[in-house]
Amino acid sequence: MEDYLKEFQTLVKVNKFEERYAQEIIPESFFGFPLQTIVEAERKLLSQEVPSVAYFSMEYGLATSFYNSFQSAKPVSEFNMLPKQNIFSNMRIRDYYVPFHIENRIIDLPIYSGGLGVLAGDTLKSAADLGMPLAAVGILWRKGYFKQNFWFKDGQVPEELNWDPYSYPGLLPLDTVIKVPLKDQDLHLRLWKYYVYGFNKKHAVPLILLDSNLDENKPESRKLTDQLYRSDNSYIKIMQRIILGMGGIKAIKALGYHIEKYHLNEGHAAMALVEKADALKENNLHSLEKNFVYTCHTPVAAGHDRFALKDLEKVLPEENIEFIGKNGVENGDTANFTLLLMNCCEHVNAVAKKHGEITRLQFPHYEKKIQSITNGIHIPTWISDDIAGLFKKYEIEIGPCGGGHEGSKNLEKLRTNEQFRRDLWAAHQANKQRLGAIFKSWDVKENVLTLCWARRIAAYKRPSLIFQDPRRLVEIAKKVGPIQLFIAGKAHPNDNLVGTFINDIMNTIDSLGKHNPYLRIIMLENYDIFFGKLLTNSVDVWLNNPLPPFEASGTSGMKAILNGVLQLSTLDGWVVEAADAAPAAGIGEIFGYKHKSGDPVGNELDLRLDTDSAELYNSLEKLTKLYYATNENGKIDINSKWIDMMINCMILSHYFNTCRMLGEYRDRMWFVKE
Ligand SMILES: *Cc1c(COP(=O)(O)O)cnc(C)c1O
C-alpha cells in the first residue's frame, strides 16, 4: 500500500501540521474523505505531461453543511456555526421578529456574496466530477461578506462577520507565502488550500486562497483581504484585484503547477493578465492571448470594473501601467478591465444565449470573440433527497450530469405513468413538509400554494415587484386561494438605493398583517446556500422577475426546475432558452416586458414596475387557480397540467447543469488535450 500521508506532506506543506491537523489528516483519510484523491490531484497538476487549467474567481460558494461534509476531530469554533437569526413576517407571532435557529449547522465557507460565487463553487465540483485537471484561485475573506440584520424602519443593517478559518473543516494554511512587489510596499500573501471533491470522491480540485493577514505586512495591508466587495474605497478595490490576479499567478507558480489555460471568471481577475505579461517579459499579445479565456457575467454597468489610471499608477510599477495603457484604457485616463480582457483573451463567453446577444451589442468590436456558454448548477448538490429517491426508484441515473440524455428521455416516457406522477407529487410534498417542519412556528402549510423570491437584492432583479400593488396580491389570495410567500436576499452593504427596497418590503409586509389568514409572508435574514437549497426544492413556484435583458443568466431557477418547482418568470437569462426548449405545456408562467433581438439594451433603471407587476399578478392568478384545481386540500388531480409542467421542468435540468457547461468550456474555450 502506498503511503499517501507521507506523499501528501511532501506535496502540501501545511503550516503547523502536527499541532493543528494531525488528528484530521491521517493515513488514508482527509477529514473523513479519501486522502489518495488529493495526492492524485496534486500529482496531476504538477505533472509536465498534463496541461491543466487555472480558474480565477473573486468568490466561491461552498457549503460544507450538505456537500463535501468534512468531519472534524476537534471542535469547530462557535464562530463557524450558524448564529441565531430573525424572521420578519406579517404573522406577528409574539413580535415583529422571531429568532430562528438551526442547531449544529456549520456556516457556508464565507467567501461568496451570491450567484457568481455559487456558480464558481458548482464549477469546481463538476470539474472534480469529470476528473478535469484544474486548480482554482480565490481569496480567503477573513470577514466574509457581511452578516445581515433586518431592522424594521431601518431595513438592512450590516454587521461584520467573524469566523475562524483555522477550525473550518478542510481548510488548511500552507507554509507558502508569496510576495507581490508594488510601488509602495512588498505585499505578502499566505496561501491556504481547500479541496473540493467530486460527488463520488474519486477526484478533487484544490482551491488556493490568498490571505494578506500576515505580520510581514503593514497593519492596513493586513486588512485587504477582510471583506469581499468592499467598495467604499478605490485603493482597497484595486488592491483586492491585484491580490486575486497578480497574487494568483504568483501562487500558481510557487506551487509549481503546470498550467496551460487561465480562466478568468468575471473581470475582477483581470490583473492576472498584467502579471503574466510581465512574467513573459514581452508585450507579445498573441502568446499571452493563447493562455487566457474570460467569462463575462453581466450586462449591468456596475459589474464592469473601471479605475482611474492615476490611482493604479500609485501602486503598480511602470511596466504594468504601460501594459494596461496599451490594452485597456478608455478616454485616456480610465482603465477599463472589461476592455483589457476583451483585448487580451483568446475566447470570451457570455453566460446564456440571450446574454451573448447583449454582450455582442455592448461590445461590437469584439463580436467575433464572444460566444455564449449557458451557466448551470451542480446536480448532486441541488437535488433534494426525495427527488433523488424518485430518480432512483425509476432507475434514472442521476450522476454528476443528471443522467445526461438518457435520464431526460426516461422522464418523458414516464409522463403517462400514473404511479410516477403520484410519486413525483409525493416527493414534492415531502420536500414541502420539511420546509413546514423548519418553519413550524409560522404554521407553513403543505396544501397552500407557496412561492419564493430569493436572490441578491439588486435593482434590476426587482425584489419588490410582487409588492407593487399589495391590494391585488391580497385579492388573489382571498378570491382564488391562500398564498405563502418566502423572501430572502442580501443587498450590497454600500448600496443605499437598494437598501431602501428592503425597508419598503418590510413596511409592506407589516401593512399586510391583518390579511395573514390568506397571505403569509416570511422574510429570512442571511440568505445562503443552505437556505437556497431548502427553498429551491420545497416551494411550489419559483419567482424570478428581473428586468430583461439585465439578468445575464440566473441560476436559482435551475435549482428549482431540477426539483420539479415551476417558474413564474420574466423572459430573461437562462429562462429564454428554457422556454424555447420546453415541451408544449411549458415550465410555469412567463410574463412581462420582453427584450426583442436587435433592440437596444435599454436603461437598467427604467424598471417598468407598474406594467410588469400588473402582468405578474395576472400570471400569478392563473397559477393559483391551476394549483387549487390540482390540489384541493390534499385531494390531487393526478392528470393536471401542473404535473406535466413539473415534469417539463425536470427534463430541462439535464441541460442546465455545470457538467454540460464544463464540457463546453473544455471544447469551445480551453482546447486543452487531456
Ligand atoms: C443560487 C444562488 C444564488 C443565485 O440566484 P440567482 O437566481 O442566479 O440570482 C444566489 N445566492 C445563493 C445563496 C444561491 O444559492
(request) Determine whether ASP580 is away from the ligand (no atom under 16 Å from the Cβ), of a type in the set (Asp, Glu) and touching a Lys or Arg at 6+ places or on another chain (Cβ under 9 Å). (result) yes
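Filter segment 288-310 down to the residues that are open to solvent by 30 Å² or more (accessible area, probe 1.4 Å) and more than 16 Å from LEU361 (Cα to Cα) and list them by number.
Once the filter is applied, which keeps residues that are open to solvent by 30 Å² or more (accessible area, probe 1.4 Å) and more than 16 Å from LEU361 (Cα to Cα), segment 288-310 yields GLU289, LYS290, ASN291, ALA302, ARG306, ALA308, LYS310.
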(request) Just need a number here: residues in segment 534-548 that are aliphatic (A, V, I, L, M), within 11 Å of the ligand (Cβ to nearest atom) and touching a helix residue (DSSP H, G or I) at 6+ places or on another chain (Cβ under 7 Å). (result) 2
(message) Whether any residue in segment 480-487 is open to solvent by 10 Å² or more (accessible area, probe 1.4 Å) and within 23 Å of ARG608 (Cβ to Cβ) is what I want to check.
(response) no
(message) Take the conditions in contact (Cβ under 8 Å) with a residue 60 or more places away in the chain, within 14 Å of the ligand (Cβ to nearest atom) and over 26 Å from ILE590 (Cβ atoms) and apply them to GLU551. Does it pass?
(response) no
(message) Among the residues of segment 19-73, what is the count of those that are part of a strand (DSSP E or B), surrounded by fewer than 18 Cβ atoms within 10 Å (Cβ to Cβ), β-branched (Val, Ile, Thr) and touching a residue at least 60 places away in the same chain (Cβ under 8 Å)?
(response) 0
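Identify, please: which residue in segment 510-533 is in a strand (DSSP E or B) and open to solvent by less than 10 Å² (accessible area, probe 1.4 Å) and is, among those, nearest to the ligand (Cβ to nearest atom)?
Initially, segment 510-533 is screened for residues in a strand (DSSP E or B), giving 519-524.
Among the residues that remain, those that are also open to solvent by less than 10 Å² (accessible area, probe 1.4 Å) are: 519, 521-524.
On the way: LEU519: 23, ILE521: 19, ILE522: 17, MET523: 15, LEU524: 11 Å.
Among them, the one singled out is LEU524.
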(request) For segment 458-479, name all the residues that are in a helix (DSSP H, G or I) and open to solvent by less than 10 Å² (accessible area, probe 1.4 Å). (result) LEU465, ILE466, LEU473, ILE476, ALA477
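Take LEU566 and tell me if it is modelled with pLDDT of 95 or more, open to solvent by 10 Å² or more (accessible area, probe 1.4 Å) and either over 23 Å from THR450 (Cβ atoms) or not hydroxyl-bearing (Ser, Thr, Tyr) (or both).
Values: modelled with pLDDT of 95 or more: yes; open to solvent by 10 Å² or more (accessible area, probe 1.4 Å): no; either over 23 Å from THR450 (Cβ atoms) or not hydroxyl-bearing (Ser, Thr, Tyr) (or both): yes.
In short, no.
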(request) State whether one or more residues within segment 499-509 are surrounded by 22 or more Cβ atoms within 10 Å (Cβ to Cβ) and part of a loop (DSSP other than H, G, I, E, B). (result) no
(request) Pick out the one residue from THR450, THR374 that is open to solvent by less than 10 Å² (accessible area, probe 1.4 Å) and within 16 Å of the ligand (Cβ to nearest atom). (result) THR374
(request) Consider ASP278 carefully, then state whether it is surrounded by fewer than 22 Cβ atoms within 10 Å (Cβ to Cβ) and in a loop (DSSP other than H, G, I, E, B). (result) no
(message) So MET246 passes all but one of these: (1) within 25 Å of GLU319 (Cα to Cα); (2) surrounded by fewer than 22 Cβ atoms within 10 Å (Cβ to Cβ). Which condition number does it fail?
(response) (2)
(request) Considering (1) part of a helix (DSSP H, G or I); (2) more than 16 Å from the ligand (Cβ to nearest atom), say which one ALA560 fails and leave the rest. (result) (2)
(message) Restricting to segment 381-390, and then to whatever is surrounded by 21 or more Cβ atoms within 10 Å (Cβ to Cβ) and not charged (D, E, K, R), can you tell me which residue is farthest from ASP129 (Cα to Cα)?
(response) LEU390
(request) Note down all Cβ pairs under 6 Å where the first residue falls in segment 444-457 and is assigned to a loop (DSSP other than H, G, I, E, B), the second is surrounded by fewer than 21 Cβ atoms within 10 Å (Cβ to Cβ) and among the hydroxyl-bearing types (Ser, Thr, Tyr), and they're at least six residues apart or on different chains. (result) none
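The values are calculated or read from the model by the stated rules, or taken from the named source; none is laboratory data. Treat the numbers as computed from the prediction; the structure is a model and nothing was measured. Note that we place each Cβ from the backbone using ideal geometry, even for glycine, and neighbour counts take in every protein chain shown. Accessible surface is based on the protein model in full, side chains and every heavy atom, while ligands, DNA and RNA are left aside. Shrake-Rupley method; radii C 1.70, N 1.55, O 1.52, S 1.80 Å.
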